[in-house]
Each structure stands twice: as structure tokens, then as C-alpha cells.
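Here the structure comes first, spelled out in C-alpha cells, and everything after it is commentary.
Every number here is computed from the coordinates shown, using simple stated rules; none is lab data. What you are looking at is a predicted structure, and each value in this text was computed from that prediction instead of being measured. Here the Cβ positions follow ideal geometry from the backbone for every residue, glycine too, while neighbour counts run over all protein chains shown.
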Amino acid sequence: MTQAEPGGAVRLPPEWAPQEWLWIGFPHDPAEWGEPLAQAQEEIAGFASAVAESGQEVRLLVRDAANEARAKALVAANVTLERRTYGDVWLRDTGPLVVERGGEQTAVRPGFNGWGGKYPMAGDETIGAELARDAGLPLARPNWVLEGGAIDTDGSGTVLTTEQCLLNPNRNPELTREDIEARLACDLGLTRVVWLGDGLLNDHTDGHVDNLARFVAP
């Protein structure tokens, strides 16, 4: 596993920046979804197909042979299927964050602890590093817990997040607000933190900002 060397300005691009490809996780766990699993699979497949038909490369992760067959029957032919071990659909939280440093791309994958230890799932702690490795990206592994859905950036160094999540003692109990701000700046180039309070009521992720407020421009 290649470790990226520190040094140089770091930039986390915004959601709307051009992408070489998009990773999507295909829903597969009946214990998580229950009866709505089939509908969730159809909706994710429809999303993946629509993105692929726009010209964007899409790599849809599937858990096993049965789910690969199910996905293949649902998606457009230009969606690539990759069999992987991952928890479920939540790759925004468990996948790599790809930053730019000195004109090069680096995958950053902080620690992941199952959303504060509540939902441990096989593969979630390793899928981010696995995807980065297979994409040929240098990998940085900062020693703190962060899910991708807990932050949203404008691509110019400003980040939205919530106190409920990033200051939650079930994530990084040893870190202060100032410590977390310093790590966001060092690891992801996020130098201006806009702290919101709580996220949505009954959000199992402890208030992820990605379903609360998002940037649409710098």
C-alpha cells in the first residue's frame, strides 16, 4: 500500500467537478432493507444507468454473484460491474476522498468505525483503501474517524459540517473542535469550517450534512 507523502497545497474538489468515473454501491443486504430492497436496487440501477448514459463512466459495486446477476439485469450495458466486499450502498461514507496535491491525485481514507460503532458491516473499514489501490492512487490514511457524508465542500477550502457528527464522542473523543479543524485543513485542504448544529432528526449517521445542506457553487 503506497502512502502519500505530506507537503504541498491540498484541495478537495467539489461535487460538481469533472470526474474520471463514479463509484456506486449496489444495495444488497436484506437485513438492512427488508422488503424495499428490490425497489432500492431498481432505483440505484436507474441512477447508475442515467449517469452512464450522460457519458460519465460508472463503476457499480456488487457484493456477490447473485447481486451481480440482479444488477446486470437492471443497468444499462455501459455500466461496469465490480464484485467487491462492502457493507451496502453508503460508499460516500466509506469510499476514498480523492484530493489534488501538487498536480497529482491522492486518495485520503481516514478511519471508519461504523458510524460511531452502531453499524459495523463487513468490508466497510477496507473498501476505501481497496478502491484507491486498484485505481492506482497513492493512499493517505489519517488516524482519525471521518465519513465522507459528514462534510460538503465548495472546492475552494470551505466545508460544511455538523457539530452533532464531527464533535460526537463516538467518533473522535480525544479530539477538540480545534483539533478537528486542523485535521480538515491538513488532510483535505479545508481551511474554513462552517459549523452547523444538529442534522436531521433521527438520522442514524448522527447528523450527516449531506442530507441537510449542500454547496451548489463556490
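Quick notes
- Given charges at Cβ of Lys, Arg, Asp, Glu: the chain dipole, positive-most of Leu74, Val194, Gly128: Gly128
- Percent of Cα-Cα distances greater than 21 Å, calculated over the range 54-133: 39 percent
- Rounded to 10°, Cα long-axis angle of helix 37-53 versus longest principal axis of the chain: 80 degrees
- Backbone amide hydrogens, once placed in the peptide plane, bring Val108 within less than 5 Å of Leu97, Val98, Val99, Ala140, excluding anything fewer than 5 places away on its chain.
- The range 10-211 - Kirkwood radius from inverse mean 1/r over Cα pairs (Å): 17.6 Å
- Full extension of the chain between Ala77 and Gln105 yields a length gain of 7.2 nm, computed as 0.36 nm times the residue separation minus the alpha carbon distance.
- Cα centre as origin, Lys/Arg/Asp/Glu Cβ charges: the range 10-211 dipole, Debye: 460 debye
- Entry note, the chain: relative contact order of 21 percent, from Cα contacts under 8 Å with a spacing of 6+ residues.
- Modelled FRET efficiency - R0 30 Å, Ala185 with Asp134, Cβ distances, 0.05 increments: 0.55
- Degrees separating the helix 65-74 axis from the principal Cα axis of the chain, which is the longest one: 80 degrees
- The range 188-218 and the range 101-155 have Cα centres spaced 17 Å apart.
- DSSP finds beta bridges in the chain, and of those with both partners inside it, around 35 percent are antiparallel.
- Projecting label points 7 angstrom from Cα along Cα→Cβ for Gln19 and Ala38 puts them 2.9 nm apart.
- Ellipticity at 222 nm from helices only: DSSP H runs of n ≥ 4 in the chain, each -39500 (n - 2.57), divided by the residue count, give -7500 deg cm²/dmol.
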